[in-house]
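Read the structure below first, then the notes.
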Amino acid sequence: MKTIWFKKIGWFFFPVSVMGGIITVLLGILLATVVLAANRNAHSVSDMMYGIFPYAVCCFYLVNWIGRNTSE
């Protein structure tokens, strides 16, 4: 039996179970922390974007990978 955590709508995966919601919230908290730290240490907007980019790409790719493996 396959557990469905996410549902694909267009290009994005949206959580449809408690585990999908927990994963989404945890990654949102991680990205919020990274944005605050990058904003505190940045001297310009582009400097902040360079600080956020690696973490955002990894988080979005992780959601994409989990979503592809746990959706219909």
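Values quoted throughout were computed directly from the atomic coordinates according to the rules given, and no laboratory measurement underlies them. Keep in mind the model is a prediction, meaning the values are calculated, not measured. Neighbour counts are summed over all protein chains in view; Cβ atoms, including those assigned to glycine, are modelled from backbone coordinates with ideal geometry.
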Test set (1) closer than 16 Å to residue 67 by Cβ; (2) surrounded by 12 or more Cβ atoms within 10 Å (Cβ to Cβ) - residue 2 fails condition number: (2)
Residues within the stretch 4-50 that are touching a Cys at 6+ places or on another chain (Cβ under 9 Å) and basic (Lys, Arg), tallied: 0
Checking residue 36 against (1) in a helix (DSSP H, G or I); (2) surrounded by 11 or more Cβ atoms within 10 Å (Cβ to Cβ), the condition it does not meet: (2)
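Out of the residues in the stretch 39-56 that are surrounded by 14 or more Cβ atoms within 10 Å (Cβ to Cβ) and of a type in the set (A, V, I, L, M), which is farthest from residue 6 (Cα to Cα)? Outline the logic, then answer.
Step one: of the stretch 39-56, the residues surrounded by 14 or more Cβ atoms within 10 Å (Cβ to Cβ) are 42, 48, 51-52, 55-56.
When the remaining residues are screened for being of a type in the set (A, V, I, L, M), the result is 42, 48, 52, 56.
Working: 42: 35, 48: 30, 52: 25, 56: 19 Å.
Taking the candidates together, the pick is 42.
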Residue, farthest from residue 33 (Cα to Cα), within the stretch 57-72, restricted to residues that are of a type in the set (A, V, I, L, M, F, W, C) and surrounded by 16 or more Cβ atoms within 10 Å (Cβ to Cβ): 66
